[in-house]
Amino acid sequence: MSDNTTPNNNSFLHDAGNRAMIFQVLLLAVVVFVGYYLFSNLQANLDNRGISTGFSFFNEPAGFPILIHLIEYTEANTYGRAFFVALINTIVISLLGIVLATIIGVIMGLARLSKNWLVARLATIYIEVMRNIPLLLQMFFWYFAVLAALPAPAQSYEFADFLLNKRGIYSPNPMIQDGFGLVVFGFILSIVASIGLVIWAKKRQTKTGLWFPAYWSSLGLIIGITFLFLAVAGFPIEFDLPQKSRFNVTGGMVLPPEFVAVLVALSTYTGAFIAEIVRAGILSVNWGQTEAARSLGLRDNLTQRLIVLPQALRVIIPPLTSQYLNLAKNSSLGAAIAYPELVAVVMGTTLNQTGQAIETIGLCMLVYGSLSLSISIFMNWYNSKMSLIER
Amino acid sequence: MTNTNMARAQLAQGEEAIIEFNDVNKWYGDFHVLKNINFSIKKGERIVVCGPSGSGKSTMIRCINRLEEHQKGAILVDGVEMNNNLKNIEAIRKDVGMVFQHFNLFPHLSILENLTLAPIWVRKTPKKQAEEMAMHYLERVKIANQALKFPGQLSGGQQQRVAIARGLCMQPRIMLFDEPTSALDPEMIKEVLDVMVQLAEEGMTMVCVTHEMGFAKTVADRVVFMDAGEIVEANEPHEFFDNPQHDRTQMFLSQILNH
Amino acid sequence: MTNTNMARAQLAQGEEAIIEFNDVNKWYGDFHVLKNINFSIKKGERIVVCGPSGSGKSTMIRCINRLEEHQKGAILVDGVEMNNNLKNIEAIRKDVGMVFQHFNLFPHLSILENLTLAPIWVRKTPKKQAEEMAMHYLERVKIANQALKFPGQLSGGQQQRVAIARGLCMQPRIMLFDEPTSALDPEMIKEVLDVMVQLAEEGMTMVCVTHEMGFAKTVADRVVFMDAGEIVEANEPHEFFDNPQHDRTQMFLSQILNH
Amino acid sequence: ATLDDVKAKGFVQCGVSSGVPGFSNADDKGNWSGIDVDACRAVASAIFGDGQKAKFTPLSAKERLTALQSGEIDVLTRNTTWTYTRDASLGLDFTAVNFYDGQGFMVRKDLGVTTAMDLDGATVCTEQGTTTELNMADFFRKNKLSYVPVVVQKADEALAAYDSGRCDVYTTDKSGLAAHRTKLADPKAHLILPETISKEPLAPVVRHGDNQWKDIVTWALHVQVNAEEMGISSKNVAKIKSETNDPSIKRMLGVEGDMGAQLGLPASWAYDIIANVGNYGEIFERNVGPSTPVDIPRGLNALWTEGGVMYAPPVR
Amino acid sequence: MAIIFKPLPDLPPPSTSVGAVAWVRQNLFSSPLNVFLTLFSAYLLYLLVPPIVSWAFINATWEGTSKAACTGGGACWAFVSVYFDQFMYGLYPEKETWRINLAVILLIVMVGAFAIKTINKLYLSVAIIFVYPIVAYCLFAGGVFGLEAVETSLWGGLFLTVLLGVVGIVASFPLGVLLALGRRSDMPIAKSVCVVFIETIRAVPLITILFMASVMIPLFLPDGINFNKLLRVLIGIILFSSAYMAEVVRGGLQAIPKGQYEAADAMGLTYWQSMILVVLPQALKLVIPGIVNSFISLFKDTTLVYIVGMFDFLGRIQAANHDSNWLGTTIEGYAFAALIYFIICFGMSRYSMALERKLETGHKRN
Ligand SMILES: Nc1ncnc2c1ncn2[C@@H]1O[C@H](COP(=O)(O)OP(=O)(O)OP(=O)(O)O)[C@@H](O)[C@H]1O
Ligand SMILES: Nc1ncnc2c1ncn2[C@@H]1O[C@H](COP(=O)(O)OP(=O)(O)OP(=O)(O)O)[C@@H](O)[C@H]1O
Ligand SMILES: [Mg+2]
Ligand SMILES: [Mg+2]
């Protein structure tokens, strides 16, 4: 039958595989060429203009101060260290923002679904207002609103050993004394005990069918035992109390208003987006699931917890990931209100002092790239875990 | 109370009514979907409900475990009136199993977990015992070997049987079926009907919305025909099929049976 | 070449094969879904393919217009081998109409646009002429009055008839049907089968996956029974139904017919 | 070469700051004015004989140097401090100083502070990306004073933060302090401290390597200073040009010889600068002098003959 | 003899299930928790609304020539009214602003026409995407048909904001579609190029891209080649939003059932035919909300051009805040900005909802 199988007019170009191949080779060639072209121009331009390149400036002293630094930092430290300070600031604000935005988003999303008309309406207004006004404006709003609302340091609000004024929230700074090891031991002990409690509660259910509020009790257990050990060790913590001085407050720990404003702006803004995602996720779970759960006699809170939320999560997670990424990227706007994050320190001060545009901007892009990548890797892992349970 | 009396009158003498509709009316917004439903079901009775699409069949049986609220009249299940009292509703729901047309299995839980969920959380059955019972019912519906799979991995007929087993796991005294076979293909319909026939033979009280007239003929004690929110006719199967009283019923039957 | 010869042998003497499967094998990953399919279909023949779910029926007919690739053997349609050659594939697809189980109408286009799309863009028919032809086929399937509606506005049976008309609009020489009635309810099944019977009477080459045994009996020239990726039995309908050769076929028939 | 590009374009593209009153500021009609703007107009006058053939790109502190490096602007006339690193490693060249500045501090009067040495523990607001940040750090370190820095991306927000009480002190170049003070809610409630903590020679910047262009920008400034020294102003320049016998003036104004050709400029280049823009003294008075709200004393920027450091090489 | 069936008449529902009282009971006070929530929300409203109303309206000053005119203790809207033109048009010559107005009206009319059923959507889209930009550009930039040329550096205010947003979205749209198709293609190299592009761009903040575009692109080009800053910023914005658009469109493509592709294949349509005729129209319709969402984000994000020294709407307002006649009007300026952004963004999201309903072909069946 071989004669019969002779394909007619089998020209090279008509083969689907070949066509794809040719197209791709062309594409690759274009990409490589454009890349090469840009790069060679860059080199020529840099040479022409006598701009030095490289990261050697990283080892030079930075000479500028940074308001918020979670690791030791002074002006005498290097640009490299300044970079890490800023990196940590970016990461901290992103992570805290993500946590807060999630909480706000879930609450607002549920509120918008509330059967209570007024609550649902207010949540809708919140969501629409937040979503439709540029984040930068919101940052200015929070920053200057916060500043305007608070008193000068001399007139600080005081609660116990806490101070609140335009310069931030001051709290006692705990300083660990001898004997703290005992407390740590107590804390570990309490955790072990509560894990035991949870296991015991599971076992008991299997045997007798009765539930025990294991999670709440373990919380109590952890607090109780830790406090007990604190007392036994004679409270081995001393507090460095904030004190008003001529201009400011000295001592204690401080949460500057910049940090608060950026955090509030980021989390309320992103929270509004997350609220919509949560709402859509919950709505995406077939009403039949709720009915089935109800007809089995499950209470509404159990229905939500055991049936609706686990399924809604699958729908929620992918768009949630993008919102997390957006939040991390939007933290770069913090520069506008003096929050010393990556863009401010690296693309701002460092770039201006060293003039190394390519290096600093490239570095910023790289950092945001990796930050985004890690968030999405984590979320994808979580997502696959969730869907694994399903199938 | 004449309506109630009428409902009573439909009962065979001396036997106890486990579900009673007393002059039940329901509206969806302005739309009057159930009109003066008076009907009562004895313990162990097997009722088939049929009627054209949109006639209110589903709505009626969903009122029994208060997936829907009615606005007028009273529904008594096991002597308890279904109203906003959550305690009552929960208690009744434990006693009433429901099987949906689209199964409504929980896709994120394994078959076994689907079955043990309610016993563990609602009835506070020890997990082990709940699992044993679940396996028992899975065997009853002949899919014990699928216990560890997830709903997405089963065929439609198998899923529907799991749904039935799930309903049975609460050891209900009443089972409600809402078109349990209409999403299935012919081979699977048979599987499901077989299980239902078995249940019926064991004396479970059953209310079943279905258009499987074969099932109605063999199993039902009474067939209820609804149209436009009313019960048009309710009768024993042979009477119902051979000698329908209303012209509406005749028309409907002629359509269905000629196919 | 013995297999190919076998395929030829199945042909009635002297008649021309329009579709030929020569020792076709196909895998989905590791899963061997079609096993040594040797089969050939004459011009004007009407073939019904049946078999249990998952036996590879859909896969086989989807290979004919290369919605699926096969990995071994050759499929010849109209003497042209189906391989990666785009020209060939496009040419064959113009000649082969396909009707899917789930209709797959284009929801964003009106019925008329659904029908004229391929003639206009593939066959380069003038729009007016394409529309006339479309109206002609719509009349054939008795829904000409629905031409300006959108698919979402039609009932299942109507949609399926539109799908058939769409297939016919390319004026194909071969029509493939993949369970064209299984998504429909009984009333609608009848509508669709009627249209197909008509087509069959006009001598169109048809390959139809279906479990409507009534249709098979009245219309088919041959009935092909598949199981586990193989063609178990292929025979004329009366032989096939009254005197099945394989025990697997017997078992299958007993299930289907007893329902 | 830049000059050819500029001639081909028909205008000079200058980078300026986006709003420092007295230095570069656009009014509500979009007209630019200020010392830095005039420095640019001087270059335009020298080339085209027309000070209006200049266009202005407002730049933030952050992007100004990169904008120049990348060729987006021809010359950066934005109060930019001349420092070693900037000159040596960035592919840039500074021309002549058009304003001698120094960094200072502004505080609220009611704090009772009179000297910067009192600022121990203060919170300091400043704009990001300038030498100001570094000088501030150096000052406090040198004097062993503690402080809290609040570094805001743009001067406006930095000032707003100071105004709203976030900081005790606002620091930037003294010229900037004077200018910014006019923007505060109550300018009179603020005090500029006497200390000058840094040398801030502000000079227009050009790209490294184009000497001709650098010379043009440099000499456009020198001419202004020389003119003031010689008593030539925009008002009398026409008369002097026609009446003078002083050979050095004749040379400068292009009456004798062709000094312009050496730089690729018309012979009347210096005349055009003075006629269009004025001498340095005029420019200073017009933009930041006592008659303006900015009100900066001449100080260091007076001519060398009058106790300042403005000293220009002769045109010969 | 058969009994004739006569359906009972429909009765109106009892008053406990409809009407105002029932509504209040069901929606506000249906359970103790709801009672609490209702009261709490009402209290919140009480706290927020009266002060805002009195600041923004009751005590506000609407006219005046300087801040000194604002004595009411409320908002100083006089500032906004004096500066209104600059906020809208930037430094665009006053006597030429009719050109901008004309272009905007034209656009609104054209987009609005989508809602009219009888108009051919295809021609309209072609007109908007291909013809309109040319017309608009001629109007804005001038220099042809006797229109006075207006340099791009004078463009500003809300006009610039809208321009950046609209051009960004319109131009990024086809690019996004191509990227999305590329990302879903079977060709490994094409696919990886698209994936890398999309993921890289999505991973970095817009700020860095704008910065690149405004100050660094020239470094990547041969000496002497240079082009308009506005254009460069636009390219940055287009690349940025095309990556987002690609992901939105990909979502739509994934939602199209395989059967649609197969049906198109079975009819003999080529790849591009089946994409353009069958798949994309459905996919794009599905993702209208997503598209509008990216439009809204992009529109808001254009505020970031301030860091590259362009004076968009927000930039103009900030600049006007320097005016010594109007010091202390920052809040009014920002409130006005917030209001305008809100109106535009909210309007867009409502328009998209209306559009979705209009484009619905037949009710959904499952
Ligand atoms: N939530 C609702 N809101 C308004 N009308 C509704 C609602 N649910 C159902 N209906 C209407 O009530 C009527 C009865 O619905 P029901 O589901 O009880 O019919 P059915 O007899 O079960 O029909 P089918 O055989 O099609 O399932 C229908 O006309 C339906 O359109
Ligand atoms: N894309 C795929 N990848 C892997 N396996 C597949 C794929 N598509 C189908 N199969 C498997 O191939 C086998 C044959 O599928 P096919 O759809 O041809 O069956 P069928 O005979 O048409 O069955 P049915 O009557 O249920 O439609 C089935 O076991 C199916 O699970
Ligand atoms: Mg129903
Ligand atoms: Mg199939």
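A short reminder: the numbers here are calculations on the coordinates, not readings from a lab. Only a predicted model underlies this, so the values are computations on that prediction, with no experimental measurement involved. Note: ideal-geometry Cβ built from the backbone for every residue, glycine included; neighbour counts use all protein chains shown.
Residue ranges E:268-276, A:179-187 sort as E:268-276, A:179-187 when ordered by packing (mean number of other C-beta atoms within 10 Å per residue, highest first). Remark: region E:98-115, residue by residue, has Karplus-estimated 3J(HN,Hα) of 4, 5, 5, 4, 4, 4, 5, 4, 4, 5, 4, 4, 5, 5, x, 5, 4, 6 Hz, where x stands for each Gly or Pro and the curve is 6.51 cos²θ - 1.76 cosθ + 1.60 at θ = phi - 60°. Relative to the other identical copies, C:Asp242 shows label-point distances of 3.6 nm, where the label point lies 7 Å from Cα along the Cβ direction and values run shortest first. Summarising the amide proton neighbourhood of B:Glu233: residues at separation of 5 or more, or on other chains, whose placed amide H is nearer than 5 Å comprise B:Phe225.
Placing a label point 7 Å from Cα along the Cα-to-Cβ axis, C:Gly152 is separated from the same position in the other copies by 2.6 nm, shortest listed first. Placing pseudo-labels 7 Å out from each Cα toward the beta carbon at A:Leu210 and A:Val192 gives an inter-label distance of 2.8 nm. Sequentially through region E:71-83, phi angles give Karplus couplings (6.51, -1.76, 1.60; θ = phi - 60°) of 10, x, x, x, 5, 9, 6, 4, 4, 5, 5, 5, 8 Hz, Gly and Pro residues having no value and appearing as x.
P(r) tail for region E:93-149: Cα pairs beyond 17 Å make up 42% of the total.
Computed over chain D, relative contact order equals 22 percent, with contacts defined as Cα pairs under 8 Å that lie 6+ residues apart. Judged by the mean number of other Cβ atoms found within 10 Å, the most tightly packed of the peptides D:183-195, B:111-123 leads the ranking B:111-123, D:183-195. Of all beta bridges that DSSP places with both ends in chain B, some 55 percent have antiparallel geometry. When you restrict to C-alpha pairs under 8 Å that are six or more residues apart and normalise by the size of chain C, the relative contact order lands at 23 percent. The largest-to-smallest principal axis extents of the Cα set in chain A are 95, 73, 47 Å.
Take each residue in D:151-164, count the other chain C-beta atoms within 10 Å of its C-beta, and the mean is 6. Ratio of Rg to Rh for chain E: 1.07 [Cα atoms; Kirkwood radius as inverse mean 1/r over pairs]. So what's the gap between the Cα centers of region C:205-259 and region B:88-154, to the nearest angstrom? Each part's Cα centre sits 39 Å from the other's.
Of all DSSP-defined beta bridges confined to the protein assembly as shown, some 60% are antiparallel rather than parallel. Distance between the modelled labels on A:Arg305 and A:Gln43, one decimal in nanometres: 6.4 nm (7 Å Cα→Cβ projection).
Scanning chain A for long hydrophobic helices, with DSSP H runs required to stretch 30 angstrom or more by C-alpha along their axis and to average at least 0.0 on the Kyte-Doolittle scale, returns A:16-49, A:79-112, A:180-208, A:257-284, A:357-390. Mind checking which aspartates and glutamates have their C-alpha under 15 Å from A:Lys244, skipping anything on the same chain fewer than 8 residues away? List returned: A:Glu158, A:Asp161, D:Asp120, D:Asp168.
A point 7 Å from Cα along Cα→Cβ stands in for C:Asn84, and the other copies hold the same point at 7.1 nm, listed in rising order.
Put simply, the amide H of B:Phe177, placed in the peptide plane, has neighbours under 5 Å in B:Val99, B:Val207, B:Cys208, B:Val209, leaving out anything fewer than 5 places away on its chain. Across region C:222-228, coupling constants 3J(HN,Hα) worked out from phi with the 6.51/-1.76/1.60 Karplus curve, θ = phi - 60°, read 9, 10, 10, 10, 10, 8, 6 Hz, and Gly and Pro carry x.
Measuring between alpha carbons in the structure, the pairs from C:Lys72/C:Lys217; C:Lys94/C:Lys127; C:Lys43/C:Lys94; A:Lys115/B:Lys94; D:Lys109/D:Lys154; C:Lys149/E:Lys285 lying more than 27 angstrom apart are C:Lys72/C:Lys217. Over chain D, what is the percentage of antiparallel beta bridges among all DSSP beta bridges, to the nearest 5? If I count the DSSP bridges inside chain D, around 55 percent turn out antiparallel. Proximity of backbone amide H atoms, modeled 1.01 Å from N, is registered between D:Asp101 and D:Glu200, D:Leu202 at under 5 Å, excluding neighbours fewer than 5 places apart on the same chain.
Within chain E, the longest segment free of exposed loop sites, counting trypsin sites (Lys or Arg not before Pro) that fall outside DSSP classes H, G, I, E and B and have at most 10 other Cβ atoms within 10 Å, spans E:118-363. Cα centroid separation, region A:66-125 to region A:322-391: 13 Å. Straight-distance candidates among the lysines for linking to D:Lys53, with alpha-carbon spacing under 24 Å and chain neighbours fewer than 8 residues away dropped: D:Lys7, D:Lys9, D:Lys29, D:Lys214, D:Lys235, D:Lys241, E:Lys95, E:Lys229. What the pair-distance distribution of the protein assembly as shown shows, using all Cα-Cα distances binned every 10 Å from zero, is 1, 6, 11, 15, 16, 14, 12, 10, 7, 4, 2, 1, 0, 0, 0 percent.
Centroid-to-centroid, using Cα positions, region E:20-94 and region E:244-262 are 42 Å apart.
Across peptide E:274-280, the average count of Cβ atoms from other chains found within 10 Å of a residue's Cβ is 3. Which of the aspartates and glutamates could a cross-linker span from E:Lys258 if the Cα-Cα distance has to be under 18 Å and same-chain partners fewer than 8 positions apart are dropped? Within the straight-line cut-off, E:Lys258 pairs with C:Glu68, C:Glu69, C:Asp178, C:Glu179, E:Asp186. For the residues of C:49-55, the average number of beta carbons from a partner chain within 10 Å of their own beta carbon is 1. Secondary-structure-derived ellipticity at 222 nm for chain E, considering helices only, amounts to -20000 deg cm²/dmol, per-run term -39500 (n - 2.57) for DSSP H runs with n ≥ 4.
Judged by the mean number of other Cβ atoms found within 10 Å, the most tightly packed of the peptides B:19-32, D:105-118 leads the ranking B:19-32, D:105-118. Dipole size of chain C about its Cα centre, with +1 on Lys/Arg Cβ and -1 on Asp/Glu Cβ: approximately 860 debye, rounded to the nearest 20. Structural descriptor for region E:93-149: relative contact order 34 percent, calculated from alpha carbon pairs under 8 angstrom and at least 6 residues apart. Given D:Lys62/E:Lys67; B:Lys35/B:Lys190; C:Lys124/E:Lys121, which pairs have Cα atoms separated by over 28 Å? Violating the 28 Å limit, Cα to Cα: D:Lys62/E:Lys67; B:Lys35/B:Lys190.
Taking label points 7 Å from Cα along the Cα-to-Cβ direction, C:Ser53 and C:Glu236 give a separation of 3.4 nm. Once you sort the root eigenvalues of the Cα gyration tensor of region C:153-230 as a ≥ b ≥ c, which label holds: rounded (a/c under 1.5), prolate (a/b larger than b/c) or oblate (the other case)? Here region C:153-230 falls in the oblate category. Restriction of the trypsin sites (Lys or Arg not before Pro) in region D:1-91 to DSSP coil positions whose beta-carbon has at most 12 other beta-carbons within 10 angstrom yields D:Lys29. In chain B, the calculated helix contribution to ellipticity at 222 nm averages -12500 deg cm²/dmol per residue, counting -39,500 (n - 2.57) for every DSSP H run with n ≥ 4.
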